[in-house]
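Novice: Handing you a structure now.
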Amino acid sequence: MELKSRLTDLLEGEAPHKYITPLFWQHGESRKVLLDEIMQMHSAGVNGFIMEARPFPEFLEESWWDTVEFALQEAAKRDMKVFVFDDIKFPSGFAAGRIRDCHPEYLKIYLKESHMDCYGPMPGASFPLKTWLKADEALVRVITVPVSDNGKNFDATQAVNVTGQIASDGILYWDIPEGRHRIFLFIRTREGGENHTKDYLNPLEYDAIRTYIDTVYEPHYQHFAEYFGNTFSGFFSDEPRFGNAESYEATLGKLPMVIPFSSTLMKLLSTSANRDFSTLLPCLWYDGGDLTAGARSIYMDVVSRQYAKNFTEQIGDWCRKRQVKYIGHLVEDNGAHSRLGYGTGHFFRAIEGQDWSGMDAVFLQLLPEYTEGMCPTPFGSHDSTFFYWGLTKLATSAGHLDPKKRGTTFCESFGAYGWQEGLKLMTWLTNHFCVRGINHFVPHAFSPMTFPDVDCPPHFYARGFNPQWRYFKIWADYANRICHLLSDGCHIATAAVIYHAEAEWTGCDYDPFEKVIKVLAQQQIDCDVIPVELLLDSKRCTVIKNSIKIHEETYSVIIVPYSECLPKSLLERLEELACFNVKIVFMRDMPRRVLEANSNKTGLIGKLRNNPGVEVVKYEVLARQLQKWNLHDIKTDNRENDLRCYHYVRTGEDIYFFVNESTFHPVETSVQFSQTDIPLCYNPMNHSFSQPEYDIQQTGTRVEISLAPYESVFVIFGHGVNTFPKLPLRKDMTVEISVAGPWKIGIASAKEFPDFSPAPLINILGNIATPKCLPDFSGTIRYETRFELDNIQSGRIFLDLGSVYETATATLNGKTAGVRIAPPYRMEITKLLHAGKNHLQIDITNTLDKQHGNNIFDQGISHEPVGLIGPVQILRLIS
């Protein structure tokens, strides 16, 4: 479908309901309850759902098949799509306990390190090693190495494999050389990892995942093959991981831990190292000198590739052969995407086998204004720099770069934020995600359990108790419209930022990729994150006119976050690209080390430093330097740290999506575009088209942009000439009158609405959530008043409600003026206003946090006021 027809869709009808697929929790509810939930979702602009056992004790048993069958039948009647969450609980990989109970040989195993020191010379020394082993543990390797007198330093080049000197009775017989020595014992174990996933499959074993498929996926196909590829859309995998440590910081050498292991891993490591890897094992836990960075890199490279090949690639191939999709997401949190523990070693590899790129942002991980540093929450401290600047770009980059994903990236969001999260925060989050490339949502979650369900609120319908539910479709239509315009085309970005996994693996100093993204985004320069191996692939990454092209994406500059040590292959490729006049930027400094033996002798770093296409740039001047080189897409008149932009192209039309991410400050600026035709503005919240103020020049078009906090707008070129009303700008608004009251005020809960009761404690505008007023009220407050106008001047007239908490519906003279779920709370009333007396009714609906906010999910963020704060004003647009 071409973009023009999509614009016509939005002009002539409702937003297509195809971009929202929420989690739908299953606990064993009745068919009546499930049908009500499905009907509610469908009526609210939701195109499908993901059935998740949360928990469903009979998962994979007859009652589960009956429930899924019922859901598929009802979904088919409504042309809804159904995915199935692929386990009885998260994370995926438990197989409802069937691996543990029936195939224990496929459970996760780890490699554990222990050591002892000794002094020599002592010929004939012996060491009873069996005492180091617990039940079901096995000795894999024993390595000795001389250490310094302080016991802190050793040289891995002097390591010796003495495993062959262990007798059948488990005693090591070894002649200790002179000096102090350390004996490293490397033990295969099932102990020491994340307790929660102890009974999960080993993602490094191909047959373990094959058994998982046979246990979970195949039975679904056997039961529902007729639905596969139509109503049954696919499977959803949630946060599988190595699980060798309960930590986001599971980096080799940084955290004492067991590490992922398998029956074939030592052979694979030795093949990759082109030598016996045994003597390098100590470097995975300790600094063994020059060989350390290489040893750690080889280990991480091998296990991340094995995870990708065995887990996501194998499951994805199975799904695609049966015409269904394999989607899901990993644990990316706090940088875990390139680590062990909660991570899978390498984000791009781990998600390669899936049909969509995916991510999640839940548990208060992403909040407005928290743009850097660590943010404390009841669930631990969150790295705001990563969550705000890095996470979404990481996911959408994979969606852009992998042809299989067709540009689709979903976000599981809105879950575990507490009842204080309403449609206003959901709007801000939607803007944040979409302006970075998200074009599908998995809202978390619809729970059919009896209200209130304590599991990770909010719940959107909440069995009818959520007072904002009747406005959910406003949000859904908004999200659907944005996703509709940002799908099935091509994203335009200036820069390719190198993914930092290989730099981190070495254990040397590095900067994460999100540090670059923040600098660029605050000056409206877009980018994608590029994995090293994709840049190295000359078939997938080609040079075109001083730029690189990967899939449908083209980048004018490659930016390398600061890295003390980088692979030789990457540096050689960058030097090659620089010779093709592709601009290469190293942040802060050139690398000091090259990851390959003796590679410094080649003078590779010196060649890069002397190449005129290579620059070293400080972070604080990066954006200015790119603008100096004319490597930018758009440019604002003044610095706008809160303005984000996403450029998208379909069939010759350029779409720019702008978002004001500030929740306090408006954005008012002129934006310079390279296009030289008439622009069109589209407001996806109000579903309105308008003509902005613009000035076409020889070098491009300058457009006036005015965005209130939370607000977004599309600027579109190439649509042809149309007649639309003038875009309202704040600077062109003047106050006609202020509506002062008096106000008649009533209240109603979600179940009582629309039957209101008098509220004698409220007689003026202001916060009602105060100790002496209604601190526990959740529902709708209705404000009614009359105001008089002697005459109405010509021009467009708007109603502005000022500060509102948080959803507002306004009715003027018996006709609806509009609904607003987020700022600005402004609606046009030109055709509703008349001279003389006017009757104004305003309904303000808050969230359930005042009634049900006494929980861990609500304690980590401030709760907002409640009600209509104002001032309420009638504004006139100056023509």
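Novice: Quick check on the range 129-179: what does the Kirkwood estimate of hydrodynamic radius come out to from the alpha carbon pairs, in Å? Walk me through the numbers on the way to the answer.
Specialist: On the way: mean 1/r = 0.0790 Å⁻¹.
After inverting the pairwise mean of 1/r, the radius is 12.7 Å.
Novice: Here is a further query. I'm a student and want to see the number: the projected area of the Cα convex hull of the range 445-563, averaged over all directions, in nm². Display every interim value, and only then the final one.
Specialist: Numbers: hull surface 47.8 nm².
Over every viewing direction, the Cα hull of the range 445-563 projects on average to 11.9 nm².
Novice: Report the local net charge at Cys645: Lys and Arg +1, Asp and Glu -1, summed over other residues whose C-beta lies under 9 Å from its C-beta. Working shown, then result.
Specialist: Numbers: positive: Arg644; negative: Asp526, Asp633.
Here the charged neighbours net out to -1.
Novice: Also, quick follow-up: Dipole of the range 541-617 (Lys/Arg Cβ +1, Asp/Glu Cβ -1, origin at the Cα centre): which of Val582, Ile558, Val594 lies farthest to the positive side?
Specialist: It is Val594, whose Cα lies furthest towards the positive end.
Novice: Turning to a different aspect of this structure: To the nearest 10 degrees, how steep is helix 62-77 against the longest Cα principal axis of the chain, on a 0 to 90 scale?
Specialist: 40
Novice: Ratio of Rg to Rh for the range 761-879, alpha carbon only, Kirkwood? Can you show the working numbers first?
Specialist: Working: Rg = 16.2 Å, Rh = 15.5 Å.
Taking Rg over the Kirkwood Rh, I get 1.04.
Novice: Let me ask another. Once you have a ≥ b ≥ c as the square roots of the Cα gyration tensor eigenvalues for the range 164-218, tell me rounded if a/c is under 1.5, and otherwise prolate or oblate according to whether a/b is larger than b/c.
Specialist: Working: a/c = 4.12, a/b = 2.80, b/c = 1.47.
Prolate, because a/c is 1.5 or more and a/b exceeds b/c.
Novice: Quick one: in the range 781-837, what % of C-alpha pairs are over 16 Å apart? Walk me through the numbers before you get to the answer.
Specialist: Details: 723 of 1596 pairs.
In whole percent, the share of Cα-Cα pairs in the range 781-837 beyond 16 Å is 45.
Novice: Just to check I understand the Karplus step: with θ = phi - 60° and J = 6.51 cos²θ - 1.76 cosθ + 1.60, what whole-Hz values come out for the range 180-197, glycine and proline as x?
Specialist: These are the phi-based 3J(HN,Hα) values: 8, 9, 10, 9, 8, 10, 10, 10, 7, 8, 9, 9, x, x, 5, 5, 4, 10 Hz.
Novice: Against the longest alpha carbon principal axis of the chain, how many degrees, from 0 to 90 and to the nearest 10, is the axis of helix 292-307 turned?
Specialist: For helix 292-307, the angle is close to 60 degrees.
Novice: Right, here's the next one. Restricting to Cα pairs below 8 Å that are 6+ residues apart, what does the relative contact order work out to for the range 1-118? Please round to a whole percent. Walk me through the numbers on the way to the answer.
Specialist: Values: 117 pairs, mean separation 25.7, N = 118.
Computed value for the range 1-118: 22 percent relative contact order.
Novice: Go through the range 763-771 residue by residue and turn each phi into a ³J(HN,Hα) via Karplus (6.51, -1.76, 1.60, θ = phi - 60°); whole Hz please, and just put x for glycine and proline.
Specialist: 9, 9, 5, x, 6, 8, 8, 10, x
Novice: Would you mind calculating the gained length between Ser879 and Lys545 on full extension (0.36 nm times residue separation, minus the Cα-Cα distance), in nm to one decimal?
Specialist: Values: separation 334, 0.36 × 334 = 120.24 nm, distance 4.58 nm.
Result: 115.7 nm gained on full extension.
Novice: Turning to a different aspect of this structure: May I ask you to work out the translational diffusion coefficient for the range 613-716 at 25 °C, viscosity 0.890 mPa s, via Stokes-Einstein with Rh from the Kirkwood sum over Cα pairs, reported in whole µm²/s?
Specialist: Details: Rh = 14.9 Å.
This corresponds to a translational diffusion coefficient of 165 µm²/s.
Novice: Could you please report the charge total around Asp301, scoring K, R as +1 and D, E as -1 over all other residues with beta-carbon less than 10 angstrom from its beta-carbon? Walk me through the numbers on the way to the answer.
Specialist: Values: positive: Arg296, Arg305, Arg349; negative: Glu502, Glu533.
Result for the local shell: +1.
Novice: What's the percent breakdown of Cα-Cα distances in the range 141-298 across 10 Å bins, shortest bin first?
Specialist: Per 10 Å bin, starting at 0, the Cα pair percentages come out as 9, 28, 29, 17, 9, 5, 2, 0.
Novice: Rounded to the nearest 20 debye, what is the charge dipole size of the range 343-432 about its Cα centre when +1 sits on each Lys and Arg Cβ and -1 on each Asp and Glu Cβ? Don't skip to the end; give the middle numbers.
Specialist: Details: 6 positive and 9 negative charges, 54 e Å.
Using only the charged Cβ atoms, the result is roughly 260 debye.
Novice: Solvent-accessible area per residue for the chain at a 1.4 Å probe radius, Å²?
Specialist: Numbers: 32850 Å² over 879 residues.
I get 37 Å² per residue for the chain.
Novice: Quick check on packing: order 816-823, 344-351, 786-793 by the mean number of other C-beta atoms within 10 Å, highest mean leading.
Specialist: Working: 816-823: 21.4, 344-351: 27.0, 786-793: 11.1.
Ranked by mean Cβ neighbours within 10 Å, highest first: 344-351, 816-823, 786-793.
Novice: In whole Å, how far is the Cα centre of the range 369-408 from that of the range 810-849?
Specialist: One Cα centre to the other: 37 Å.
Novice: Restricting to Cα pairs below 8 Å that are 6+ residues apart, what does the relative contact order work out to for the range 520-634? Please round to a whole percent.
Specialist: Numbers: 154 pairs, mean separation 29.7, N = 115.
In percent, rounded to a whole number, it is 26.
Novice: Moving to a separate point now. Cross-link list Lys518/Lys583; Lys405/Lys473; Lys81/Lys404: which exceed 23 angstrom alpha carbon to alpha carbon?
Specialist: The answer is Lys405/Lys473.
Novice: Note down the relative contact order for the range 707-820 as a percent, whole number, built from C-alpha pairs under 8 angstrom at least six residues apart.
Specialist: Computed value for the range 707-820: 19 percent relative contact order.
Novice: A follow-up question, please. Take the Cα atoms of the range 96-140, build their convex hull, and give its volume per residue in Å³.
Specialist: 96
Novice: Quick check: at a probe of 1.4 Å, how many percent of the accessible area of the range 246-398 sits on carbon and sulfur atoms?
Specialist: Details: 2290 of 4560 Å².
Whole-percent figure for carbon plus sulfur exposure: 50.
Novice: Separate question: What ranking do 304-310, 28-34 get when scored by the average of other Cβ atoms within 10 Å per residue, highest first?
Specialist: Per-residue mean Cβ counts within 10 Å order the peptides as 304-310, 28-34.
Novice: Here is a follow-up. Restricting attention to the alpha-carbon atoms of the range 809-879, what are Rg (one decimal) and Dmax (integer), both in Å?
Specialist: 16.4, 52
Novice: Give me, ordered by chain and number, the residues 5 or more places off Val616 or on other chains with an amide H under 5 Å from its own placed amide H.
Specialist: Hits under the 5 Å cutoff: Phe586.
Novice: P(r) tail for the range 221-310, what percent of Cα pairs lie past 19 Å? Show your work: numbers first, answer last.
Specialist: Details: 2082 of 4005 pairs.
In whole percent, the long-distance tail amounts to 52.
Novice: On to the next question. Going out from 0 in 10 Å bins, what whole percent of all Cα-Cα distances in the range 326-435 drops into each bin?
Specialist: Spelled out bin by bin, the range 326-435 gives 15, 46, 33, 7 percent.
Novice: Also, quick follow-up: Count charges around Glu218 for me, please; just the other residues with Cβ under 14 Å from its Cβ, Lys/Arg as +1, Asp/Glu as -1. List each step's numbers first, then the result.
Specialist: Numbers: positive: Arg98, Arg210, Lys321, Arg322; negative: Asp86, Asp214, Asp317.
Summing Lys/Arg as +1 and Asp/Glu as -1 gives +1.
Novice: How many percent of DSSP beta bridges within the chain run antiparallel, rounded to 5?
Specialist: 70
Novice: Here is a follow-up. Taking each pair of different alpha-carbon atoms in the chain once, compute 1/r for the pair, average those values, and report the inverse of that mean as the Kirkwood hydrodynamic radius in Å to one decimal. If you can, show how the numbers build up before the last one.
Specialist: Details: mean 1/r = 0.0337 Å⁻¹.
Roughly 29.7 Å, rounded to one decimal.
Novice: Whole-Hz ³J(HN,Hα) for each residue in the range 807-815, computed from phi via Karplus 6.51 cos²θ - 1.76 cosθ + 1.60 with θ = phi - 60°, x for glycine and proline: what do you get?
Specialist: For the range 807-815, the Karplus curve yields 9, 10, 10, 10, 10, 10, 6, x, 10 Hz.
Novice: Any chance you could get the radius of gyration and Dmax over the Cα atoms of the range 265-355, in Å?
Specialist: In Å, with Rg to one decimal and Dmax whole: 15.4, 51.
Novice: For the chain, take the longest principal axis of its alpha carbons; what is the angle in degrees between that and the long axis of helix 31-43, to the nearest 10 within 0 to 90?
Specialist: Tilt of helix 31-43: around 70 degrees.
Novice: Still on this structure: Taking 1 over the mean of 1/r across every pair of different Cα atoms in the range 507-652, what Kirkwood radius in Å do you get?
Specialist: Numbers: mean 1/r = 0.0617 Å⁻¹.
It is 16.2 Å.
Novice: Next up: Give the Rg (one decimal place) followed by the Dmax (whole number) of the range 315-386, computed from C-alpha coordinates and expressed in Å.
Specialist: Radius of gyration, then largest Cα-Cα span, for the range 315-386: 14.9, 45 Å.
Novice: At 222 nm, what helix-only mean residue ellipticity would the chain give, in deg cm²/dmol to the nearest 500, using -39500 (n - 2.57) for each DSSP H run of four or more? Mind showing how you got there, number by number?
Specialist: On the way: 20 runs with 181 residues, N = 879.
Calculated at 222 nm, the ellipticity per residue is -6000 deg cm²/dmol.
The values are calculated or read from the model by the stated rules, or taken from the named source; none is laboratory data. Note that the coordinates shown come from a computational prediction; the quantities given were computed from them, not determined experimentally. Heads up, the Cβs are rebuilt from the backbone with ideal geometry, glycines too, and the neighbour counts pull from every protein chain shown. With ligands, DNA and RNA removed, areas are computed over all heavy atoms of the protein, side chains included. Shrake-Rupley method; radii C 1.70, N 1.55, O 1.52, S 1.80 Å.
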